[in-house]
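Read the structure below first, then the notes.
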Amino acid sequence: MSDPRNEEAPRCGYVAIVGRPNVGKSTLLNHLLGIKLSITSRKPQTTRSRLLGIKTVNNSQIVFVDTPGFHTGFKKAINKQMNNAVAEALQDVDLVVFMTDRLVLTEEDELLLKKLSDPGVPVFLVINKVDVLGERDKLLPFIAMMSERFRFSEVVPVSALKNVNTDELEQSIIKYLPENPWLFPEDQLTDRNLRFLAAEFIREKITRQMGDELPYEVAVEIEEFMTEGPLTTISALILVEKNTQKQMIIGEKGSRLKLIGTEARKDLERLLDTRVMLNLWVKVKQGWSDDLRALRSLGYE
Ligand SMILES: Nc1nc2c(ncn2[C@@H]2O[C@H](COP(=O)(O)OP(=O)(O)OP(=O)(O)O)[C@@H](O)[C@H]2O)c(=O)[nH]1
Ligand SMILES: [Mg+2]
């Protein structure tokens, strides 16, 4: 019979969510946490740096690590930084969630799987976006093929967006967590500060507003962040690489920037639980995405 004292023992561990860009890693994190922390968009390379999302339930604390999509074929400092963030997230974790979407396996997936080849920790295969899976009869053969390539501890098909099978995934994760005291206070949700989250929320709205005309050469720098009673004043600088991009973001008579501001403000008010006054400026800063120092100062360590 199991020792009832063991059942009481707290569990805690780091769980890295990794995968190629756009498979739905950040969406899964947000839905498991029940709060939007990590920004998402239909474009690849949305997440740029590591972010912790902490979920404490009953006697377990899961410390999720959202990571940038692992990608190849880009050579700027920011791309290296993003892939480094993935490699770092894989060190010292207790479990890895390797995410794919639908029934696709790419070269990037294969490369990432190679990096996981001797992890010493359980690796779950999470197949996301089953809500848009056309060929349901191909799911089992896909799982069989993937299981031949890698010894996954669990294979879990989910829809992060529609919350299909995500509770089951969480339960399985908890089963694999080591018995450890919690690392964070019960009410802590992330390791990132509000300034960082604010900058990210603004960047999300730009990414979503811009269609495909803008490459991923946008960064947001918070210049002022001040809460006084029920009002938070935030001033932010939107950095782009070229003047044409600046014009695009501003839009005709400032219309696009206004839309970006309105959307971001709504999200920020929800996050901060205050009213928000948001001031946005767009500035050309050539070469920031290939400049390590600039990246550091923008929080992309
Ligand atoms: N249909 C469907 N779409 C999903 C699902 N999960 C995520 N998405 C969509 O897929 C897109 C990418 O989601 P993200 O969560 O930003 O993906 P990511 O893996 O974090 O992407 P990067 O940060 O760029 O690596 C978004 O448009 C999501 O709404 C899902 O279960 N079903
Ligand atoms: Mg992401």
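Taking 0.36 nm per residue of separation and subtracting the Cα-Cα distance, what length does fully extending Phe184 through Ser147 add? Could the numbers behind the result be given before it?
Values: separation 37, 0.36 × 37 = 13.32 nm, distance 3.44 nm.
So the chain would gain 9.9 nm between Phe184 and Ser147.
Cut-off 10 angstrom, C-alpha nodes, Gaussian network model of the chain. Which of Thr233, Thr207, Thr67 fluctuates the most?
Thr233
Using all Cα-Cα distances in the range 194-297, what percent lands in each 10 angstrom bin from 0 up to the longest?
Final binned percentages: 15, 50, 29, 6.
Please provide three numbers in whole Å: the alpha-carbon extents of the chain along the principal axes, with the largest listed first.
Over the chain, Cα extents along the principal axes are 69, 45, 36 Å.
Translational diffusion coefficient of the range 40-163 at 10 °C, 1.306 mPa s, Stokes-Einstein with Kirkwood Rh over Cα pairs, in µm²/s as a whole number.
Values: Rh = 15.8 Å.
Translational D for this selection: 101 µm²/s.
Restricting to Cα pairs below 8 Å that are 6+ residues apart, what does the relative contact order work out to for the range 4-176? Please round to a whole percent. Intermediate values should be presented prior to the final figure.
On the way: 305 pairs, mean separation 40.5, N = 173.
That works out to 23 percent.
May I ask you to evaluate 6.51 cos²θ - 1.76 cosθ + 1.60, the Karplus curve with θ = phi - 60°, for each residue of the range 186-202 and list the ³J(HN,Hα) values in order in whole Hz, giving x for glycine and proline?
Whole-Hz 3J(HN,Hα) from phi for the range 186-202: 4, 9, 7, 9, 7, 9, 8, 8, 5, 4, 4, 4, 4, 4, 5, 4, 5.
Please report the spacing between the Cα centers of the range 280-301 and the range 33-70 in Å, no decimals.
Taking the Cα centre of each part, the range 280-301 and the range 33-70 sit 23 Å apart.
Once both axes come from the Cα atoms, what is the angle between helix 77-90 and the longest principal axis of the chain, in degrees from 0 to 90, rounded to 10?
That helix lies at roughly 30 degrees to the long axis.
Using alpha-carbon pairs under 8 Å, 6+ residues apart, how would you state the relative contact order of the chain in percent?
Numbers: 535 pairs, mean separation 56.6, N = 301.
Relative contact order for the chain comes out at 19 percent.
Taking the Cα atoms only, what angle lies between the long axis of helix 166-176 and the longest principal axis of the chain, rounded to 10 degrees?
60
Every number here is computed from the coordinates shown, using simple stated rules; none is lab data. Predicted model, so just to flag it, every value in this text is computed and none were measured.
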